[in-house]
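This report refers to the structure that appears directly beneath it.
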Amino acid sequence: MPSLLYCSKPLAMVSLLLIAALCHLGSCNGGGRGDRITKLPGQPEVSFGQYSGYIGVDGKGSRALFYYFVEAELDPISKPLVLWLNGGPGCSSLGVGAFSENGPFRPSGQVLVKNEYSWNKEANVIYLETPAGVGYSYSADAAYYQGVNDKMTAMDNMVFMQRWLEKFPQYKGRELYIAGESYAGHYIPQLAEVMVEFNKNEKIFNLKGLALGNPVLEFTTDFNSRAEYFWSHGLISDSTYRIFTSVCNYSQYVSEYYGGSLSPLCARVMNQVTRETSRFVDKYDVTLDVCLASVLSQSMILSPHRHVGQRIDVCIEDETVNYLNRKDVQEALHAKLIGVKNWAVCSSVLQYELLNLQIPTINIVGSLVKSGIRVLVYSGDQDSVIPLTGSRTLVQNLAHDLGLKTSTPYRVWFEGKQVGGWTQVYGDMLSFATIRGASHEAPFSQPKRSLVLYRAFLQGRPLPENFS
Ligand SMILES: *[C@@H]1O[C@H](CO)[C@@H](O)[C@H](O)[C@H]1NC(C)=O
């Protein structure tokens, strides 16, 4: 990987210089003290520490990523560090991950309500808005937003983590996990790969494992699972299923669409599919009633609509958007709006290189497993956008390619007295699991089951096999 070698050394130098400069200004020795959140508006009393603010990721101080960090509820020193990333590309880990899925609070009107199943019960969690242009993260030079790609994102994310650890030195050497969903199926393996490469010169990332939820890992397998999912869940007819798997399949449609040359044939097939599936069904959870605009708009990019402007949003209010656009909230978070008028769930300024969707990351996952990093691929089983069937096949094939034998044959796992989903484990490093009844944003719709899965993953333990 010549490009990595090319990048990592100059970056290390630049970061050392930058850190030295920051320390000189007195902002580096407090373990992130300047970023400490006193209290978020409307927040219930909590005992854990919260921090948020910016980490510059270029040498010039013009590009900075915004993070929100919550320490573990109990005994943060003994708990691992987790970086959570949402997808899009271009959607916010703060708005979706922290405030709709697995963070400690969910906005409700003027206040924040405690989430009983917050992932900071098990770990210290960083929510990162990435790349620049997402949420409060920014590039002062707007030219940066044109054609941001996976490589640029991975490099910024790596520099972020490196500098974040300088700011919070008590977390240096801590066991690190990266978790996320959707397009983070690109972000996470690509970031991990850059970290592993960086570690060869200087081991600063104690990377232990990755959890990938409904991830994009291989474009054609993932996207073409949609047809069968729609058909088997009654969203399209037999005849539409036939043309959606012969005349024009979904990967072809998306390639044409993002390639700027949509053929009349594919347009016709997709019109038929769209008419039958109806826009009143949430493709991110085919059983859930529609609403929850912030959740719906996550990874909107994964489902290109030809008439985005006409998309009916049945939610009049979006709690998170309202909350994060409050001046008092932005002040409490140490957040600024630079180059945008509002905080948005998914970026309106970022021009992401969308054909990067087609870059496979499943092979990167394979090499990470080989290098000793534990990987869990999990699927909310009600998601038709990145259906469980594609992910299951990809993991199964990867295990085969790596020569990993099944160590736990496909079986159910329990949350309490009910089935939480199914799982299969390959060797001791690679596993697949479904979360029963969960959406694309699994911790949003099945918070309790998601927490059970996450806990088992972090502890490196099998998912509960029996009633409890
Ligand atoms: C999807 O369509 C493309 C282009 O026609 C084709 O090469 C590919 O094999 C198809 N994939 C599936 C799973 O149908």
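Can you pull out the GluC sites (Glu not before Pro) in the range 161-249 that DSSP calls coil and that have at most 16 other Cβ atoms within 10 Å?
175, 202
Would you work out which of 269, 170, 72 lies farthest towards the positive end of the dipole of the chain? Charges go on Cβ: Lys and Arg +1, Asp and Glu -1.
My answer, from the dipole projection, is 170.
Provide, for q = 0.09, 0.13 Å⁻¹, the log10 of I(q)/I(0) from a solvent-free Debye sum over equal Cα point scatterers in the chain.
Each listed q maps to, in turn, -0.56, -1.24.
Of 278, 207, 362, which is farthest towards the positive pole of the chain's charge dipole, taken about the Cα centre with +1 and -1 on the beta-carbons of Lys, Arg and Asp, Glu respectively?
Value: 207.
Taking the Cα centre of the chain as origin and charging only Cβ (+1 Lys, Arg; -1 Asp, Glu), how large is the dipole, in debye to the nearest 20?
540 debye
Say each of residue 334 and residue 467 gets a label point 7 Å from the Cα, pointing the same way as Cα to Cβ; how far apart are those two points in nm?
Inter-label distance under the simple model: 5.1 nm.
Grab the other residues whose beta carbon is less than 11 angstrom from that of residue 416, score K and R as +1, D and E as -1, and report the net.
Residues near residue 416 contribute +2 overall.
Please work out how much length the chain gains when fully extended from residue 363 to residue 289, using 0.36 nm per residue of separation minus the C-alpha to C-alpha distance, in nm with one decimal.
Here the answer is 23.0 nm.
Suppose each label sits 7 Å from its Cα in the direction of the beta carbon; what would the residue 141-residue 114 distance come out to in nanometres?
Label-label distance for residue 141 and residue 114, simple model: 4.7 nm.
Read-outs throughout are calculated quantities, based only on the coordinates presented, and are distinct from any laboratory measurement. Owing to the predicted nature of the structure, the values given are computational and were not obtained by experimental measurement. Ideal geometry is used to build each Cβ from the backbone, glycine not excepted, and the neighbour counts take in all protein chains shown.
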